[in-house]
Amino acid sequence: MADTAITVEGARKKYGDKPALDGLDLTVARGAVHSVLGPNGAGKTTLVRILSTLLRPDAGRIEVAGHDVVTEAYDVRLRIGLLGQHAAVDEELSGYQNLEMFGRLYHLGTRHARVRAGELLERFGLADTGRKAVKQYSGGMRRRLDLAASLITEPEVLFLDEPTTGLDPRGRAEVWASVRSLAGGGTTVLLTTQYLEEADQLADRISVVDRGRVVADGTADALKALTGGDRIDVVLRDAGHLGAAVAVLPVPKDDVTVDTDRRLLSAPVTDRMAALSGVVRALEEAGIEAEDIALRRPTLDEVFLHVTADRVKEAA
């Protein structure tokens, strides 16, 4: 379909007897930033390797930019870019020399490769440092250079496989800004990550993957709604009153989570204002002093724990 950049139906891949992908289905809209979210071992990297034609699936129908990854692998490669988990640039060369080299490898020609290298250094805020050796770059600068290299041929679809792994907060923010810029230019981005905040910040749509399958899919807000809507957090002045507070709060007792170290109680609520006034009144009547009470949306961490609860139960 013209409005679909990636289609995956029933993708399967085994390593020995262990399934990495177990009937995974995925659809990515053209021009969107779509995040595949999951822990280590969920199948994220295997999916990216199959989508980028580096690995053949055992079964399933998989298309990227309108071409089958198995029977039309060459056509797929002409239309994609890939940023893996590990840096692909040469640390002894300058940023400019790296990009020029990638351009030559893609048969752009000497002049075109040089022009393209200059354009990308400017686009990713590396023009001032483009003549320095990459070994002098910070972690965030290296990843931005990696990202620039993956865009040498202006791909229709870009795969980012855990692009901020190992970066400090500043480096992650730099990469996030670059991804937002790409999305604004119309590039379709498939982002795999185990950072829930990263998916929340960048993605138009999120697919939660567990044991080689998509177990939840939707916008960040839609996924957060799976946990029961809003939550109320209560921080008590005295951790010794946590048990008594759970007993008197007008919320379902089975849904209350307790964090003793932070003196925190958290529970889902349906009617925000009624729940807030009810909690305040119940604590006052019980003589329990609260330090803070707040209403909030659930986090993606809570969503992930909710939708993967079956796996936790099986392991137990």
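The values are calculated or read from the model by the stated rules, or taken from the named source; none is laboratory data. Remember, it's a predicted structure, so these values are computed and weren't measured experimentally. Here the Cβ positions follow ideal geometry from the backbone for every residue, glycine too, while neighbour counts run over all protein chains shown.
Numbers below:
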item: Qualifying residues in the stretch 147-180 (those that are part of a loop (DSSP other than H, G, I, E, B) and either among the hydrophobic types (A, V, I, L, M, F, W, C) or outside the structural domain of residue 31 (by TED's automatic domain parsing) (or both)) - the one farthest from residue 123 (Cα to Cα); result: 167
item: Of the criteria (1) under 27 Å from the mean Cα position of the chain (by Cα); (2) without any contact (Cβ under 8 Å) to a residue 40 or more places away in the chain; (3) under 26 Å from residue 213 (Cβ atoms), which one residue 77 fails; result: (3)
item: Odd one out for residue 107 among (1) under 29 Å from the mean Cα position of the chain (by Cα); (2) modelled with pLDDT under 90; result: (1)
item: Residue satisfying condition, being modelled with pLDDT of 90 or more, outside the structural domain of residue 280 (by TED's automatic domain parsing) and over 28 Å from residue 265 (Cβ atoms), within set 193, 188; result: 188
item: Subset of the stretch 126-156 [free of Cβ contacts under 8 Å to residues at least 40 places away in the same chain, within 21 Å of residue 106 (Cα to Cα) and surrounded by fewer than 22 Cβ atoms within 10 Å (Cβ to Cβ)]; result: 130, 154
item: Answer from 214, 258 - the residue that is within 28 Å of the chain's Cα centre (by Cα), more than 30 Å from residue 22 (Cβ to Cβ) and modelled with pLDDT of 90 or more; result: 258
item: Strands (runs of 3 or more DSSP E) contained entirely in the stretch 185-279, each with at least 3 residues that are within 30 Å of residue 48 (Cα to Cα); result: 188-193, 205-210, 213-218
item: Count - residues of the stretch 86-103 that are without any contact (Cβ under 8 Å) to a residue 24 or more places away in the chain and within 27 Å of the chain's Cα centre (by Cα); result: 1
item: Contacts under 6 angstrom Cβ, first residue in the stretch 266-277 being charged (D, E, K, R), partner surrounded by fewer than 16 Cβ atoms within 10 Å (Cβ to Cβ), 6 or more apart; result: 272/295
